[in-house]
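Asker: So that we are looking at the same thing, I have put the structure below in structure tokens.
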Amino acid sequence: MSTFLLLLVALGAVVIIVAGLARTRRKGGSDGNVMKELRLRVLRDLPKGIGMAGKDEPLVVVMDIGFPNATASVFAALSGDASLYISSGGGVIGGIGHENVRQASIAFVRGSARYLDQMAATSDFPYPKPAHVRFYVRTRKTVYVAERLEKNLGEKRDALWPLFYAGQNVLTELRTVAPDFGKSPPAHS
């Protein structure tokens, strides 16, 4: 299967997740404010257990994928922790307990160091517009940001495409440990 086809399958899974969560929210489900606050906390404060990094080395990466009605935020830490936060509510938390997720998370964070020179320092953390992807890379000293068109990343027409694919790998591994995530809740009689 081609890499582009795999990416389309992964993006399709994210769309299904976001649509399922939006449906859940309309039925009185999860509160999106909790997920938004978790995302902001990760960007503002260093999570515990990340360890000491040298110089201005990446410690945390957040990849926000903008959709018309919500944003999916893939979080990864150098410690191996990974989560998925949906701005409308819901998510997958605690990926560190699974070796496949830990490995994908660490690779995503370490790989982000190659792209810091293509990012700008920021202290503002808005979500991207629909059809855009925003990367936040947090070091001990600085948070860096870059926003790109999702289509260009997926088609490998942007220099940050390897970072995007590494984030998609974290998302894929999270889905393997939480296969029911994003499915519609059972109907109540």
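Asker: Which ordering of 155, 147 is given by a fewest-first count of other beta-carbon atoms within 10 Å?
Answerer: Listed from fewest to most nearby Cβ atoms, that is 155, 147.
Asker: Moving on. Using a Förster distance of 41 Å, how high is the FRET efficiency between residue 110 and residue 69, based on the Cβ-Cβ distance and rounded to 0.05?
Answerer: The value I calculate is 0.80.
Asker: Note down the net charge around residue 171, summing +1 for each Lys or Arg and -1 for each Asp or Glu among other residues with Cβ under 14 Å from its Cβ.
Answerer: Residues close to residue 171 contribute a combined charge of -2.
Asker: Using 0.36 nm per residue of separation minus the Cα-Cα distance, give me the extension gain between residue 41 and residue 120 in nm, one decimal.
Answerer: Between residue 41 and residue 120, full extension yields an extra 26.4 nm.
Asker: What are the semi-axes of the equivalent ellipsoid of the stretch 36-151, taken as the square roots of 5 times the eigenvalues of the Cα gyration tensor, listed largest first and rounded to whole Å?
Answerer: 20, 17, 13
Asker: Can you tell me the length gained on complete extension of the stretch residue 176 to residue 100, counting 0.36 nm per residue apart and subtracting the Cα distance?
Answerer: Full extension of this stretch gives 26.5 nm more.
Asker: What is the local net charge at residue 75, summed over the other residues whose Cβ is closer than 9 Å to its Cβ (Lys, Arg +1; Asp, Glu -1)?
Answerer: So the surrounding residues net to 0.
Read-outs throughout are calculated quantities, based only on the coordinates presented, and are distinct from any laboratory measurement. Predicted model only: the values in this text are computed from it and were never measured. So basically every Cβ, Gly included, is an ideal-geometry build from the backbone, and we count neighbours across all protein chains shown.
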